[in-house]
Amino acid sequence: MNKFILDMRDVSKELILILEMLKDNNEDSLKKYIEAEYKNIDWKLFLDLLLHHRVYPILASKLQRYDEKLIPQFVIQTVSGFYKRNVFKMLQLSGEMNELAKLFNINGIKAIFLKGPMLGNEIYGDMSLRTCGDLDLLIPIDDLEKMHNLLELKGYIKDDYIQTVLEDWKWRHHHVTYYHSCNNMKIEIHWRLHPGPGKEPLFNELWERKRELKFSNNPIYMLGREDLFLFLVSHGARHGWSRLRWLNDICGMIEQGIDWQKIDTLLKNHNNFHVVGQCIILSSQLLDVAETKETHRYINNQKSKSLAQDAIFYIKKMINLHNDMLPKDVYLYHRKHLYTLMSRQQKVLYILSYLYPYHIDVVTLPLPKKLHSLYFLLRPFLCLWRKARKQELSLEEPK
């Protein structure tokens, strides 16, 4: 049987070089690659890719090993500057994480930090070797108001971007964002791990499997190892693995050791076997993570192979899915990819969710709040009216 190989024909030589540097491979072979391609490498693009994929902390020390005949001095110095700034950022985030953990513990809020500086310690043994822009934490949905009041007292301001009707925010969305203008800090408070609709572990299940970090004087909790692995896998897949940092995290966890029997048990309940397969294929073929008997059956899944190839679209294009306005081709591709990621059960729930009223229905036909349940009956007609109105407006546009 022929082994599945990712199609990498359109991937730039600069990105290939970064992938080679991320591998734990023979330095002599890497030197030969650089020497063969040196005259043709666009070092500006190389730096742009390092920044986009957030892997410059890992490569900063590796670049120091090469003389300027292979890698220009300005490249080495620039990456070193990126790394030093990241060290200060991680220290700042660590201090804030410690303060927040103390605040939550005093006020009886169960909080699980999902990522943040401790993930660098977890995977790389050094928080400065991973970038992080904010703090993500998961709390019970019933504690959201209490959390809101505590953060406001600390000077955080909520970004009220969620528009909702009939409390659909509870399952359509999964987090809310807070900003602190003085220390330029951003916090995402999750009540779900991922956007809905879809089945995922209950908070109490995750809390039972949590781990306490030896990070500071205050108890700081993070997900159990297998829960963390599956969270990072689903998060990376949902973003198309558009940053190599996420894939490099997965590689680190696999190489450290994963209890695949526990993973199998958790996957039976949450239907994302093919997503795990996608990340293992990408880890194996892009970053040389060794295949094992435990991972072999994930790799042989046809849907996993297809999803892995789909992810190359994101990785090679420096796509930032957090931009407010995506190019039309990226938007359409990503919408299709998100649907493909879903299990059959998730697809059924997703389709059914269209029958539930959206906030746009309230905008189209405002009704008193006590009558909002009527939107269940009115929604099909409102959708047809919006579609007809859109066509009418397009006809009225000047040619």
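The values are calculated or read from the model by the stated rules, or taken from the named source; none is laboratory data. These numbers come from a predicted model, not from an experiment. Quick reminder, even Gly has a Cβ in these numbers, built from the backbone with ideal geometry, and neighbours come from all protein chains shown.
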Can you pull out every residue in the stretch 50-70 that is crowded, with 18+ Cβ neighbours inside 10 Å, in a loop (DSSP other than H, G, I, E, B) and among the hydroxyl-bearing types (Ser, Thr, Tyr)?
none
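Taking the stated definitions as given, is Phe313 surrounded by 12 or more Cβ atoms within 10 Å (Cβ to Cβ), over 23 Å from Gly196 (Cα atoms) and among the aromatic types (Phe, Trp, Tyr)? First the steps, then the outcome.
Numbers: surrounded by 12 or more Cβ atoms within 10 Å (Cβ to Cβ): yes; over 23 Å from Gly196 (Cα atoms): yes; among the aromatic types (Phe, Trp, Tyr): yes.
It is true that Phe313 is surrounded by 12 or more Cβ atoms within 10 Å (Cβ to Cβ), over 23 Å from Gly196 (Cα atoms) and among the aromatic types (Phe, Trp, Tyr).
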Subset of the stretch 275-306 that is modelled with pLDDT under 90 and outside any loop (DSSP other than H, G, I, E, B) - its residue that is farthest from Tyr339 (Cα to Cα):
Lys293
Please find, within the stretch 329-380, the residue that is modelled with the lowest pLDDT out of those that are among the hydroxyl-bearing types (Ser, Thr, Tyr) and closer than 25 Å to Val233 by Cα.
Ser343
Tell me, yes or no, whether the stretch 111-134 has at least one residue that is in the same structural domain as Pro195 (by TED's automatic domain parsing), farther than 22 Å from Arg243 by Cβ and not in a strand (DSSP E or B).
yes
I'm checking my understanding of the structure. Among residues of the stretch 178-191 that are over 19 Å from the mean Cα position of the chain (by Cα) and not in a strand (DSSP E or B), which one is surrounded by the most Cβ atoms within 10 Å (Cβ to Cβ)?
Asn183
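So if I check each of Tyr354, Tyr339, which one is closer than 22 Å to Gly198 by Cα and assigned by TED's automatic domain parsing to the domain that holds Ile281?
On the way: Tyr354 fails: assigned by TED's automatic domain parsing to the domain that holds Ile281.
The unique qualifying residue is Tyr339.
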For the condition touching a residue at least 24 places away in the same chain (Cβ under 8 Å), outside the structural domain of Asp136 (by TED's automatic domain parsing) and out of contact with any strand residue (DSSP E or B) (no Cβ under 6 Å at 6 or more places or on another chain), what is the one hit in Phe104, Phe82?
Phe82
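Go through the residues of the stretch 165-177 one by one and say whether even a single one is assigned to a helix (DSSP H, G or I), closer than 20 Å to Gly116 by Cα and in contact (Cβ under 8 Å) with a residue 60 or more places away in the chain. Break it down stepwise before answering.
Applying the first criterion (assigned to a helix (DSSP H, G or I)) to the stretch 165-177 yields 169-172.
Among the residues that remain, those that are also closer than 20 Å to Gly116 by Cα are: none.
Within the stretch 165-177 (the criterion being assigned to a helix (DSSP H, G or I), closer than 20 Å to Gly116 by Cα and in contact (Cβ under 8 Å) with a residue 60 or more places away in the chain), the answer is no, since none of the residues qualifies.
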Identify, please: which residue in the stretch 354-367 is part of a helix (DSSP H, G or I) and touching a helix residue (DSSP H, G or I) at 6+ places or on another chain (Cβ under 7 Å) and is, among those, surrounded by the most Cβ atoms within 10 Å (Cβ to Cβ)?
Asp361
With the requirement that a residue be within 22 Å of the chain's Cα centre (by Cα) and farther than 10 Å from Lys305 by Cα, what does the stretch 281-294 give you?
Ser283, Ser284, Gln285, Leu286, Leu287, Asp288, Val289
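Say we look at the stretch 332-352 and pick out the residues that are in a helix (DSSP H, G or I) and of a type in the set (Ser, Thr, Tyr); which of these is surrounded by the most Cβ atoms within 10 Å (Cβ to Cβ)? Explain how you work it out, then say what you get.
Of all residues in the stretch 332-352, those in a helix (DSSP H, G or I) come to 332-341, 344-352.
Applying the additional criterion that residues be of a type in the set (Ser, Thr, Tyr) yields 333, 339-340, 350.
Numbers: Tyr333: 18, Tyr339: 12, Thr340: 13, Tyr350: 15.
Top of the filtered list is Tyr333.
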Which residues, taken from the stretch 337-372, are of a type in the set (A, V, I, L, M) and within 30 Å of Asn272 (Cβ to Cβ)?
Leu338, Leu341, Met342, Val348, Leu349, Ile351, Leu352, Leu355, Ile360
